[in-house]
Protein chains: 2
Amino acid sequence: MAYTFTFEPNNAPKQKPDSNKLGFGQYFTDHMFIADYNLQHGWHEGRIVPYAPLLMDPASMVLHYSQTIFEGLKAYKTTDGKVVIFRPERNIERLNISGVRMGIPPIDEEFALQAVMQLVNTDKDWIPTGEENSLYIRPFIIATDPFLGVRPSDTYKFIVILSPVGAYYPEGINPIKIYVESEYVRAVRGGVGFTKTGGNYAASLKAQMESKDKGYTQVLWLDGCEKKYIEEVGSMNVFFKINGEVITPSLEGSILAGVTRNSVMTLMKDWGMQVTERQISIEEVYEAYQNGTLEEMFGTGTAAVISPVGELNWDGKGIVINNGKTGDLSHKLYDTITKMQRGLVEDSYNWLTTVE
Amino acid sequence: MAYTFTFEPNNAPKQKPDSNKLGFGQYFTDHMFIADYNLQHGWHEGRIVPYAPLLMDPASMVLHYSQTIFEGLKAYKTTDGKVVIFRPERNIERLNISGVRMGIPPIDEEFALQAVMQLVNTDKDWIPTGEENSLYIRPFIIATDPFLGVRPSDTYKFIVILSPVGAYYPEGINPIKIYVESEYVRAVRGGVGFTKTGGNYAASLKAQMESKDKGYTQVLWLDGCEKKYIEEVGSMNVFFKINGEVITPSLEGSILAGVTRNSVMTLMKDWGMQVTERQISIEEVYEAYQNGTLEEMFGTGTAAVISPVGELNWDGKGIVINNGKTGDLSHKLYDTITKMQRGLVEDSYNWLTTVE
């Protein structure tokens with residue numbers, strides 16, 4: 001089914017930023033997509049309009065009770081000039097999974113996908129060139145009832161904005177240093193840890209600030225009850241290569257089912273590697289370090305793709321991984337995925353959707 | 001120190017709602033207070049302006065990462081015509097406690113208090129009469145950087161809005177029915193459960209929807225790890241009267257340190273009652289029900305003041321409290337506090353601040 005959205009062109013286009021100095025998520029393109037939801041009409045009035053401030057009632061529920069969900073995906077320009085998006089259907093599917101948990105009405109997946117595709121097509125000149133660059137796509141839904149009682153909103157906005165970005169971490173593909181968090185908790189089973197809702201990120205800021213002050217780029221989250229099992233690193237899924245086997249925490253409801261997580265697992269299995277999803281404790285990682293079998297550790301996520309971890313600090317105990325250097329597996333995964341995204345290797349999994 | 005705020009009057013004042021049909025949090029007064037924060041100037045430009053939509057960049061961090069905190073307090077008109085606010089300094093203090101956890105810069109407490117007082121004074125004609133009515137005051141802080149990386153914002157807005165309200169629950173002082181939640185989790189130690197941040201409320205919506213579908217007004221939250229100990233009821237603190245002793249869950253970091261909680265504890269202790277803050281399990285409550293010593297249960301909070309609980313459903317087991325009727329203690333607490341708020345009994349604790 002083809003959706004037709006109204007289009008209001010931006011007659012005052014902005015100057016595009018220097019593609020060598022993009023950073024992450026600080027520049028926005030000339031247009032955005034908006035659709036509204038109410039009980040009577042469901043999702044309606046999809047429109048591409050000039051990027052501009054929203055008029056929001058100060059009582060809008062999202063500002064008080066944080067009823068909001070989002071997604072993050074990326075568009076690339078391939079070497080032969082096509083515009084492609086990496087596995088967008090996965091992100092749209094997950095948007096609705098988050099929505100169910102957060103009491104937000106589902107959005108037709110084809111409607112949301114078309115919104116993303118048509119907006120990217122409108123602003124495709126904003127897709128930056130350069131190896132680590134891409135156009136970051138941020139779909140999100142916010143609760144807009146001007147109401148202060150605690151209940152799900154009856155009205156929402158679905159918005160898509162686009163940001164030309166460089167590497168998420170200044171380190172790029174170079175290893176980051178991580179602090180193992182044993183005081184603050186991100187999520188537990190029964191909570192909202194598996195969703196992309198703002199509250200998960202708000203809850204993580206304090207630990208991130210304190211780890212940064214100690215000289216670390218991010219924190220490694222442990223489970224919220226026993227502070228024993230590994231959950232995520234920053235807002236990325238995490239993988240360990242121990243004695244040839246690749247281990248990643250299983251999805252128990254407290255961590256995100258990452259699209260990049262799924263992609264790297266598929267790749268590694270097809271490369272004949274042993275990949276295991278299971279609970280893994282920080283003690284096990286420390287023991288592997290001590291006996292010399294901890295070979296690699298890396299985070300995965302849309303923003304950073306693959307982010308190797310060179311060092312962990314666990315209650316003052318240092319764990320140096322692969323001498324603080326990017327491991328072969330991290331490199332191979334990064335190269336494979338980023339080359340696929342640029343059309344330099346075959347898209348044998350049909351992960352790319354071409355924007356036309 | 002007296003703060004001077006600029007004042008822009010609303011030249012198109014709204015019609016005031018029928019004070020018999022206020023509901024909760026759906027009408028807003030003619031003015032609001034706004035101040036801005038940036039790294040260079042700190043909190044600045046405090047101003048009272050007409051209530052109007054905010055212009056917000058769609059990339060504003062609060063819309064994506066829910067970095068936000070709020071408070072809720074109430075102003076009343078006493079029978080002799082004074083305007084009073086109940087313990088406002090406690091709420092402002094707690095706003096900063098929430099802020100520290102959420103990475104939000106502290107606001108000078110006198111500045112925030114003056115903002116509340118001067119705004120209430122500006123719109124004092126909106127304070128509704130009627131026994132269950134009051135002017136609900138909602139101070140909140142939102143992160144405003146237009147930025148998609150995950151880190152604390154560098155800019156914020158502190159806003160105060162006012163809403164003339166009636167009873168929070170349609171039941172008023174009549175007992176509500178509560179579903180004991182054993183699937184979903186609100187918060188754990190190490191998380192943000194003790195703060196008034198939007199994410200706590202967003203995380204609670206699904207359980208609230210499902211309990212409502214089953215015929216219950218709210219849920220009773222259990223601890224997030226063992227699902228054993230009682231935390232809060234809805235967004236209220238909770239008290240049990242068992243065999244003459246009043247028990248309320250101790251503050252372990254996962255529940256809010258309620259101002260009404262503190263007030264009723266003070267009152268009951270001064271009435272010579274035995275009041276204990278400690279962990280209390282749902283099993284203990286069930287046993288007390290079975291052996292006939294569960295005398296009363298009630299929630300406390302600014303919005304509902306005292307909300308008696310008439311019935312619990314714990315995994316299908318019904319717990320009827322005081323034959324589903326409002327207990328003497330609940331009544332006495334409700335009467336004492338609401339009469340104090342209206343100047344009908346002496347403010348012997350100096351809990352009222354007069355707005356002049």
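The values are calculated or read from the model by the stated rules, or taken from the named source; none is laboratory data. The shown structure was predicted, so the numbers you read here are calculated from the model rather than taken from an experiment. Quick reminder, even Gly has a Cβ in these numbers, built from the backbone with ideal geometry, and neighbours come from all protein chains shown. Keep in mind that these areas ignore ligands, DNA and RNA; they rest on the heavy atoms of the full protein, side chains included. Shrake-Rupley method; radii C 1.70, N 1.55, O 1.52, S 1.80 Å.
Observations on the structure shown:
- Any pair with Cβ under 8 angstrom, 6 or more apart, that starts in the range B:39-56 at a residue that is of a type outside the set (D, E, K, R) and ends at one that is modelled with pLDDT under 95 and in a loop (DSSP other than H, G, I, E, B): B:GLY46/B:TYR3
- Test: B:ASP125 is part of a loop (DSSP other than H, G, I, E, B) and either open to solvent by 50 Å² or more (accessible area, probe 1.4 Å) or away from chain A (no Cβ under 12 Å) (or both): no
The rows are residues; the columns are (1) in contact with a Ser or Thr (Cβ under 9 Å, 6 or more places away or on another chain); (2) under 22 Å from B:GLN341 (Cα atoms).
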residue	(1), (2)
B:LYS227	yes, no
B:GLU231	yes, no
B:ASN237	yes, yes
B:GLY244	yes, no
B:PRO249	no, no
B:GLY253	no, no
B:VAL259	yes, yes
B:VAL264	yes, yes
B:GLY272	no, no
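- Looking only at the range B:213-231, and only at residues there that are open to solvent by less than 30 Å² (accessible area, probe 1.4 Å) and within 19 Å of the chain's Cα centre (by Cα), the one that is farthest from B:VAL285 (Cα to Cα): B:GLN218
- Selection status of B:ARG342, more than 19 Å from B:GLU181 (Cβ to Cβ), among the basic types (Lys, Arg), in contact (Cβ under 8 Å) with a residue 40 or more places away in the chain and open to solvent by 10 Å² or more (accessible area, probe 1.4 Å): yes
- Residues being touching a residue at least 12 places away in the same chain (Cβ under 8 Å) and open to solvent by less than 80 Å² (accessible area, probe 1.4 Å) - total across the range A:12-22: 4
- Residue within the range B:231-248 that is at pLDDT below 95 and in a loop (DSSP other than H, G, I, E, B) present: yes
- The number of residues in the range A:325-347 that are at pLDDT below 95 and among the small types (Gly, Ala, Ser) comes to 1.
- Scanning the range B:272-293 for residues that are in contact (Cβ under 8 Å) with a residue 40 or more places away in the chain, open to solvent by 70 Å² or more (accessible area, probe 1.4 Å) and either in contact with a Gly (Cβ under 8 Å, 6 or more places away or on another chain) or not acidic (Asp, Glu) (or both) gives a single hit, B:GLN279.
- Residue in the range B:308-319 that is under 28 Å from B:GLY23 (Cα atoms) and without any contact (Cβ under 8 Å) to a residue 40 or more places away in the chain present: no
- The residues in the range A:280-299 that are within 22 Å of the chain's Cα centre (by Cα) and assigned to a loop (DSSP other than H, G, I, E, B) can be counted, and the count is 0.
- Scope the range A:1-32; condition under 26 Å from B:GLY149 (Cβ atoms), touching a Ser or Thr at 6+ places or on another chain (Cβ under 8 Å) and not in a loop (DSSP other than H, G, I, E, B); matching residues: A:HIS31
- Residues of the range A:205-218 that are among the basic types (Lys, Arg), in contact (Cβ under 8 Å) with a residue 12 or more places away in the chain and facing chain B (nearest Cβ under 10 Å): A:LYS206 alone.
- Those residues of the range B:305-353 which are β-branched (Val, Ile, Thr) and outside any strand (DSSP E or B), in sequence order: B:ILE321, B:THR326, B:THR336, B:ILE337, B:THR338, B:VAL345
- Qualifying residue in the range A:113-121 (condition: part of a strand (DSSP E or B), buried (at least 20 other Cβ atoms within 10 Å of the Cβ), within 14 Å of chain B (Cβ to nearest Cβ) and modelled with pLDDT of 95 or more): no
Okay, residues lined up against (1) among the polar types (S, T, N, Q); (2) surrounded by 22 or more Cβ atoms within 10 Å (Cβ to Cβ); (3) without any contact (Cβ under 8 Å) to a residue 40 or more places away in the chain:
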| site | (1), (2), (3) |
| --- | --- |
| B:ILE173 | no, no, no |
| B:THR197 | yes, yes, no |
| B:ALA203 | no, yes, yes |
| B:VAL233 | no, yes, no |
| B:PHE240 | no, yes, no |
| B:GLY244 | no, no, no |
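- Looking only at residues in the range A:188-202 that are touching a Gly at 6+ places or on another chain (Cβ under 8 Å) and more than 8 Å from chain B (Cβ to nearest Cβ), the one that is farthest from A:ASP315 (Cα to Cα) is A:LYS196.
- Of all the numbered requirements in (1) in a loop (DSSP other than H, G, I, E, B); (2) within 9 Å of chain A (Cβ to nearest Cβ), B:GLU252 misses one, and that requirement is (2).
Conditions tested, residue by residue: (1) within 30 Å of B:SER163 (Cβ to Cβ); (2) open to solvent by less than 10 Å² (accessible area, probe 1.4 Å).
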residue	(1), (2)
A:ASP108	no, no
A:GLU132	no, no
A:PRO146	yes, no
A:TYR156	yes, yes
A:ILE159	yes, yes
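- 1 or more residues open to solvent by less than 10 Å² (accessible area, probe 1.4 Å), under 12 Å from A:ILE141 (Cβ atoms) and touching a Leu at 6+ places or on another chain (Cβ under 7 Å): qualifying strands (runs of 3 or more DSSP E) within the range A:33-105: A:68-70
- Residues in the range B:23-32 that are in contact with a Lys or Arg (Cβ under 9 Å, 6 or more places away or on another chain), open to solvent by 10 Å² or more (accessible area, probe 1.4 Å) and facing chain A (nearest Cβ under 9 Å): 1 in all.
- Residues of the range A:176-187 that turn out to be more than 7 Å from chain B (Cβ to nearest Cβ), open to solvent by less than 30 Å² (accessible area, probe 1.4 Å) and over 20 Å from A:SER250 (Cα atoms), as a count: 2
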